[in-house]
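Below is one structure, written out as structure tokens; the observations come after it.
The values are calculated or read from the model by the stated rules, or taken from the named source; none is laboratory data. Model, not experiment: these values are computed from the prediction. Neighbour counts run over all protein chains shown; Cβ positions are idealised from the backbone, glycine included.
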């Protein structure tokens with residue numbers, strides 16, 4: 001049952017993503033997960049499809065597509081492997097969108113087209129070991145030294161940090177503003193060839209194991225002055241203005257995970273026999289699958305309603321938080337039910353729902369925890 005009214009172009013994009021995932025991702029995803037292996041060839045392949053520049057203008061080799069088309073493709077990629085989807089999501093959201101919105105003409109010419117073509121993977125470095133949800137308390141310092149900025153500090157939880165060619169990093173340029181949240185924080189365009197740039201600890205994660213998450217260490221890193229993105233002191237503001245892109249992307253990722261779990265659970269319920277008949281004929285299993293399908297469908301409908309509003313140019317900040325909150329909690333709930341449908345087999349790595357369960361959890365945490373999303377939504381309703 002398809003409730004979304006899609007254009008022919010949107011159907012073609014979804015089907016292209018589905019075919020790509022079936023050939024290049026699904027056969028290898030379980031092994032990548034076991035080995036915690038990031039497959040670098042996917043960057044170029046996604047770039048060739050245009051999937052790394054879906055929202056960028058044509059003048060920078062992007063596809064200039066609407067948000068709904070992008071989210072359809074991203075859901076299909078997540079349905080095959082959430083690790084690949086988060087790489088695609090992060091690249092298309094904050095680094096690409098901040099550069100496109102706030103970069104100078106020269107910065108856009110230099111970085112956006114290679115990013116759209118898959119020649120440079122994008123990453124975003126905001127969080128620090130002591131600055132997570134309270135990102136405005138970050139302490140990475142940037143001081144001006146002639147024609148350069150010198151950055152010192154450690155960034156944490158950087159997705160794709162081992163392979164990124166363009167990293168938007170936040171650093172404090174006005175230490176007097178340290179106690180005043182996001183003020184005095186600037187954004188810089190970082191490339192791994194800069195002196196003083198180091199990749200630090202790689203996290204050993206519960207899920208998304210094929211997506212490298214690392215610390216980045218800036219040790220007296222010298223950044224040319226023309227790498228300052230936008231106005232000095234405005235980086236945190238730019239990031240907050242761009243967050244809705246990432247939150248909608250994580251919602252699509254969560255829905256893809258949940259849809260895959262539902263697909264596997266429904267298929268298994270028809271194959272698995274107990275007491276002389278498929279377990280799909282038992283009302284308890286039927287009710288479970290019905291609830292799973294209802295939540296996935298509702299999450300997708302909410303996401304595409306909000307994406308359509310965004311495509312119309314409407315402000316969707318709190319609504320994007322609703323999408324992220326509802327979709328991520330749906331993914332966690334649906335994958336839990338899928339494990340239950342599989343019974344003991346759901347608890348072993350031989351069957352796919354165990355991986356989906358692990359991959360789902362992070363969607364409730366990154367790009368703003370569920371608690372943060374509730375704060376955003378509550379404040380939009382006049383809650384302070």
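What's the total number of residues in region 26-61 that are closer than 19 Å to residue 160 by Cβ and part of a helix (DSSP H, G or I)? Can you show your working first?
Narrowing region 26-61 to residues closer than 19 Å to residue 160 by Cβ: 28-29, 32-33, 35-56.
Restricting the remaining residues to those that are part of a helix (DSSP H, G or I) gives 28-29, 32-33, 35, 41-49.
Looking only at that region, the number is 14.
Answer with yes or no whether residue 77 is crowded, with 23+ Cβ neighbours inside 10 Å and out of contact with any helix residue (DSSP H, G or I) (no Cβ under 6 Å at 6 or more places or on another chain).
Numbers: crowded, with 23+ Cβ neighbours inside 10 Å: yes; out of contact with any helix residue (DSSP H, G or I) (no Cβ under 6 Å at 6 or more places or on another chain): no.
So residue 77 fails the test.
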Can you tell me how many residues within region 247-292 are more than 17 Å from residue 340 (Cβ to Cβ) and in contact (Cβ under 8 Å) with a residue 60 or more places away in the chain?
11
Condition first: more than 16 Å from residue 231 (Cα to Cα) and either outside the structural domain of residue 212 (by TED's automatic domain parsing) or out of contact with any strand residue (DSSP E or B) (no Cβ under 7 Å at 6 or more places or on another chain) (or both). Can you find one or more residues in region 146-166 that meet it?
yes
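This table checks each residue for (1) more than 30 Å from residue 102 (Cβ to Cβ); (2) outside the structural domain of residue 356 (by TED's automatic domain parsing); (3) within 15 Å of the chain's Cα centre (by Cα).
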site	(1), (2), (3)
244	no, no, yes
249	no, no, yes
254	no, no, yes
257	yes, no, yes
261	yes, no, no
264	yes, no, no
272	yes, no, no
276	yes, no, no
280	yes, no, no
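From 334, 296, 376, 339, grab the single residue that is buried (at least 23 other Cβ atoms within 10 Å of the Cβ), part of a helix (DSSP H, G or I) and without any contact (Cβ under 8 Å) to a residue 60 or more places away in the chain.
Details: 334 fails: without any contact (Cβ under 8 Å) to a residue 60 or more places away in the chain; 376 fails: buried (at least 23 other Cβ atoms within 10 Å of the Cβ); 339 fails: buried (at least 23 other Cβ atoms within 10 Å of the Cβ).
Exactly one residue qualifies, and that residue is 296.
For region 100-117, check the following and say yes or no: at least one residue is outside the structural domain of residue 261 (by TED's automatic domain parsing), within 20 Å of residue 208 (Cα to Cα) and in contact (Cβ under 8 Å) with a residue 60 or more places away in the chain.
Keep residues of region 100-117 that are outside the structural domain of residue 261 (by TED's automatic domain parsing), which gives 100-117.
Remaining after also requiring within 20 Å of residue 208 (Cα to Cα): none.
Among the residues of region 100-117, not one is outside the structural domain of residue 261 (by TED's automatic domain parsing), within 20 Å of residue 208 (Cα to Cα) and in contact (Cβ under 8 Å) with a residue 60 or more places away in the chain, which makes the answer no.
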Would you confirm whether any residue within region 226-239 is closer than 30 Å to residue 373 by Cβ, at pLDDT below 95, under 17 Å from the mean Cα position of the chain (by Cα) and outside any strand (DSSP E or B)?
yes
Would you check if there is a residue in region 136-146 being free of Cβ contacts under 8 Å to residues at least 60 places away in the same chain and within 20 Å of residue 365 (Cβ to Cβ)?
yes
How many residues are assigned to a helix (DSSP H, G or I) and either surrounded by 15 or more Cβ atoms within 10 Å (Cβ to Cβ) or at pLDDT below 95 (or both) when one looks only at region 1-25?
9
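Of these, 288, 349, which one is at pLDDT 95 or above and either assigned to a helix (DSSP H, G or I) or touching a strand residue (DSSP E or B) at 6+ places or on another chain (Cβ under 9 Å) (or both)?
Values: 349 fails: either assigned to a helix (DSSP H, G or I) or touching a strand residue (DSSP E or B) at 6+ places or on another chain (Cβ under 9 Å) (or both).
Among 288, 349, only 288 is at pLDDT 95 or above and either assigned to a helix (DSSP H, G or I) or touching a strand residue (DSSP E or B) at 6+ places or on another chain (Cβ under 9 Å) (or both).
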Please verify whether residue 131 is surrounded by fewer than 24 Cβ atoms within 10 Å (Cβ to Cβ) and either in contact with a strand residue (DSSP E or B) (Cβ under 8 Å, 6 or more places away or on another chain) or over 19 Å from residue 189 (Cα atoms) (or both), treating the condition exactly as stated.
yes
Please work out if residue 161 is within 21 Å of the chain's Cα centre (by Cα), closer than 17 Å to residue 242 by Cα and either modelled with pLDDT of 95 or more or outside any loop (DSSP other than H, G, I, E, B) (or both).
no
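Check 29, 36, 22, 44 and return the single one that is touching a residue at least 24 places away in the same chain (Cβ under 8 Å), in the same structural domain as residue 66 (by TED's automatic domain parsing) and in contact with a strand residue (DSSP E or B) (Cβ under 9 Å, 6 or more places away or on another chain).
Numbers: 29 fails: in contact with a strand residue (DSSP E or B) (Cβ under 9 Å, 6 or more places away or on another chain); 22 fails: in contact with a strand residue (DSSP E or B) (Cβ under 9 Å, 6 or more places away or on another chain); 44 fails: in contact with a strand residue (DSSP E or B) (Cβ under 9 Å, 6 or more places away or on another chain).
Result: 36 is the single residue among 29, 36, 22, 44 that is touching a residue at least 24 places away in the same chain (Cβ under 8 Å), in the same structural domain as residue 66 (by TED's automatic domain parsing) and in contact with a strand residue (DSSP E or B) (Cβ under 9 Å, 6 or more places away or on another chain).
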Quick check: anything in region 200-210 in a loop (DSSP other than H, G, I, E, B), modelled with pLDDT of 95 or more, under 23 Å from residue 115 (Cβ atoms) and not assigned by TED's automatic domain parsing to the domain that holds residue 30?
yes
